[in-house]
Amino acid sequence: MFTDMTPFHCGRRDYLYGLGSSLGALAMTDLLASESTSPLSPKKPMHQPKAKAVIMLFMEGGPSQVDTFDPKPALNARHKAESKRSAGLATGFRFYVGSPFKSRQVGQSGLDMSDQWVHLPEVADELCNYRGCQAESLNHPEALFHMNTGSRLGSDPALGAWANYGLGTTNQNLPGYIVMSELALPQGGSRNWSNGFLPAHFQGTRLRPEGSPILDLHPPSNKTRSHQRQALDELSLLNQLHAKKHPYHSELAARMESYELAYRMQLEVPGVMDLKGESEATREAYGLNQQHTEKFGTQCLMARRLVEKGVRFVQIFSGGWDSHDYLERGHSSRIRSVDKPMTALIKDLKQRGMLDETLVIWTGEFGRTPDNNRRGGVYSLGRGHNIDAMTMMLAGGGIKKGAVVGATDEIGSTATEVVHPIRDLHVTILHLLGLDDNKLTYFHGGRYKQLSQFGGKVIPQLLA
């Protein structure tokens, strides 16, 4: 009973909550109980995992399969011959483009690689080349969203967000999902690593490529740790009082946790980001002493350090692979920038005994066509977008070693063996992490949703 006779005013929502105060109290108790430990606390996998962490090396723009890991002599024999691949186009407007690069078989497994890969042959027998994946969108942003989130719309949770939702992370002082890019953001920006409809705890945290990796990482000089702790405690008290009035607003709990994580990160992140303690041999191996490999090499080394510290999912975006023209110049430059660092990453993980439990993926959002447009009588030596055939490399984390899985036709136009959509690749990645896509769901919009959208299947040929 109210002892104060002053009229009490409340909003309609608060009034309804008041009518069901007992239910509201139970909901609040449940919320506080669920938040007593971080949502990113480690969770048990659904089955025995092969991998504990993922490092995804994303080649934005779409690397060409026939110029990297899927050579096609039959295509070279048709160089500049008229192409009739696209029905409805007038003859003479398209022509075949042979690869400007030579290819050879490397390692004991005899994997195919173009001669532009100078260092990667050293770890060929750790790699699995998958040639059967097919995309769905020829548009860069949609294709990026699809490969990263399972949806072409760019509003769903990213693969890394789902992994952390299902498993949490073993280091509560670092984000469970970290993203890096060489300079520019990929097309579509942060929607590629969004939490989507999952709670905000699970969104990716981007490390800036220049300057401080995270803004405001260091407190102002006039603020001590005790000052920060006191301010956070007082803010937490106010937020808890607010949460009691609005028990169903989970965003507030996520925001409170993000403040606490930021506080903890101030101690952990500087040490992880500081590469001064790495040996000169390690710096040289990753290419930190060479201009063309320094940025990507730094991020690959950071990825190893982050996974070593318990981060669940690390993603690095490398742009510039969209070679509609000047294919030879463009692809040779991009391969040169990633070849040495990714080789060092795989070697380093193996040497430290981490490769078997770390899934490394090298991929783009789609592949390239075996032909191109001829404009005004000029042969444009590049390639268009291709959703029917692409190539990717996988290593570690329960993946078959020194293997080629799937195949494309004689000119690299279409996948013909072990053909699977992107959702099956996602289901396979979750499977290797010990998660079942059909059981890893979240209720949103009136139904239970999952990464694969409407179900998929594991690609058994990729598994060791």
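Does VAL179 meet the test of being under 11 Å from the mean Cα position of the chain (by Cα) and of a type in the set (A, V, I, L, M, F, W, C)?
So VAL179 fits the description; yes.
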| message | What are the pairs with Cβ atoms under 7 angstrom where one residue, in region 122-143, is at pLDDT 95 or above and the other, located anywhere, is of a type in the set (Asp, Glu) and surrounded by 22 or more Cβ atoms within 10 Å (Cβ to Cβ)? Sequence gap at least six, or different chains. | response | ARG131/ASP70; ALA135/GLU365; HIS140/GLU365; ALA143/GLU365
| Taking region 415-450, which residues are touching an Asp or Glu at 6+ places or on another chain (Cβ under 6 Å), over 19 Å from GLY367 (Cβ atoms) and of a type in the set (S, T, N, Q)? | GLN450
| task | Taking only region 98-121 into account, find how many residues are free of Cβ contacts under 8 Å to residues at least 24 places away in the same chain and in a helix (DSSP H, G or I). | result | 1
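Across region 142-168, which residue is nearest to LEU435 (Cα to Cα) among those that are touching a His at 6+ places or on another chain (Cβ under 7 Å) and not aliphatic (A, V, I, L, M)? Spell out how you get there, then give the answer.
Restricting attention to region 142-168, the residues satisfying the condition of being touching a His at 6+ places or on another chain (Cβ under 7 Å) are 150, 152, 159.
When the remaining residues are screened for being not aliphatic (A, V, I, L, M), the result is 150, 152.
Values: GLY150: 16, ARG152: 23 Å.
Here the answer is GLY150.
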| message | Looking at ARG374, ARG352, ARG383, ARG368 in this structure, which one is farther than 30 Å from LYS52 by Cα and surrounded by fewer than 24 Cβ atoms within 10 Å (Cβ to Cβ)? | response | ARG374
| note | The correct count of residues that are without any contact (Cβ under 8 Å) to a residue 12 or more places away in the chain, among the hydrophobic types (A, V, I, L, M, F, W, C) and assigned to a loop (DSSP other than H, G, I, E, B) in region 404-453 is 0
| Inter-residue pairs, beta-carbon under 7 Å, first at positive phi and surrounded by fewer than 21 Cβ atoms within 10 Å (Cβ to Cβ) and in region 191-206, second part of a loop (DSSP other than H, G, I, E, B) and at pLDDT below 95, 6+ apart | none
| message | Scan region 367-378 and tell me whether some residue there is in contact with a helix residue (DSSP H, G or I) (Cβ under 6 Å, 6 or more places away or on another chain) and not in a helix (DSSP H, G or I). | response | yes
| Pairs with Cβ under 9 Å, 6+ apart, first in region 272-284 and touching a residue at least 24 places away in the same chain (Cβ under 8 Å) and outside any loop (DSSP other than H, G, I, E, B), second surrounded by 14 or more Cβ atoms within 10 Å (Cβ to Cβ) and β-branched (Val, Ile, Thr) | VAL272/VAL311; MET273/ILE214
| note | Subset of region 305-333, residues buried (at least 22 other Cβ atoms within 10 Å of the Cβ) and not in a loop (DSSP other than H, G, I, E, B), comes to LEU306, VAL307, PHE313, VAL314, GLN315, ILE316, PHE317, SER318, HIS331
| query | From the list SER151, SER103, which one is at pLDDT 95 or above and either touching a helix residue (DSSP H, G or I) at 6+ places or on another chain (Cβ under 7 Å) or surrounded by fewer than 18 Cβ atoms within 10 Å (Cβ to Cβ) (or both)? | reply | SER151
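The values are calculated or read from the model by the stated rules, or taken from the named source; none is laboratory data. Keep in mind that this is a model prediction, so the values were computed, not measured. We place every Cβ from the backbone using ideal geometry, glycine too, and count neighbours over all the protein chains shown.
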